[in-house]
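The values are calculated or read from the model by the stated rules, or taken from the named source; none is laboratory data. Nothing here was measured: the structure is a model prediction, and the numbers come from that model. With ideal geometry, Cβ positions are generated from the backbone for all residues, glycine too; neighbour counts draw on all protein chains shown.
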Amino acid sequence: MSNRPVGAVAAGILIFVAGLVVGVWGLEQARAEQDRLAIAARADGTVTGHLNGHPQIAFSLPSGDRVSFTAAVGGDDYPAGKRVDVLYRMDHPSDAMLDRPHARWARNGLIGVLSIATMALGAYIAWYARNYDLRRA
């Protein structure tokens, strides 16, 4: 620790505020995502093949029309014939996407942990710097 505790306190407060901003942003993203999920229709889809490493998914609309799309995710987790959950907008079903609730929960949890850890680090730095002169005596 340098002999500039006021600057270190300011840095700690700045880091705390950065963690708070990340937390508020994460809450806003989660709320917006819940709004999008509330208006989305759900369907059961099937992986029909792969295109450039991304699974191609087909599903049926309530009207009986069949829709196909290429998912944005890739990897070996989606072999041909696998049943998947699909989210889509009723007015534009070709913009469908895979419903991956575990990925959503993990992302939101990671943002929350990152926010809390950053706020705790900033609070600790500010507290440590504020009490630095008391420990030197």
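On the basis of being in contact (Cβ under 8 Å) with a residue 24 or more places away in the chain and either in contact with a strand residue (DSSP E or B) (Cβ under 8 Å, 6 or more places away or on another chain) or over 30 Å from ARG4 (Cβ atoms) (or both), does ILE125 make the cut?
It is false that ILE125 is in contact (Cβ under 8 Å) with a residue 24 or more places away in the chain and either in contact with a strand residue (DSSP E or B) (Cβ under 8 Å, 6 or more places away or on another chain) or over 30 Å from ARG4 (Cβ atoms) (or both).
Among what's in the range 90-137 and is under 29 Å from ILE57 (Cα atoms) and in contact with a helix residue (DSSP H, G or I) (Cβ under 8 Å, 6 or more places away or on another chain), pick the residue that is modelled with the highest pLDDT.
Taking the range 90-137 first, the residues under 29 Å from ILE57 (Cα atoms) are 90-110.
Narrowing further to those that are in contact with a helix residue (DSSP H, G or I) (Cβ under 8 Å, 6 or more places away or on another chain): 104, 108.
Details: ARG104: 88, ASN108: 94.
That would be ASN108.
Quick check, is PHE59 touching an Asp or Glu at 6+ places or on another chain (Cβ under 7 Å) and either exposed (fewer than 13 other Cβ atoms within 10 Å of the Cβ) or over 30 Å from TYR132 (Cα atoms) (or both)?
When the stated conditions are applied, PHE59 passes them.
Just give me the residues in the range 100-116 being surrounded by 12 or more Cβ atoms within 10 Å (Cβ to Cβ) and either among the aliphatic types (A, V, I, L, M) or farther than 30 Å from VAL84 by Cα (or both), in sequence order.
Within the range 100-116, ILE111, LEU114, SER115, ILE116 meet the criteria.
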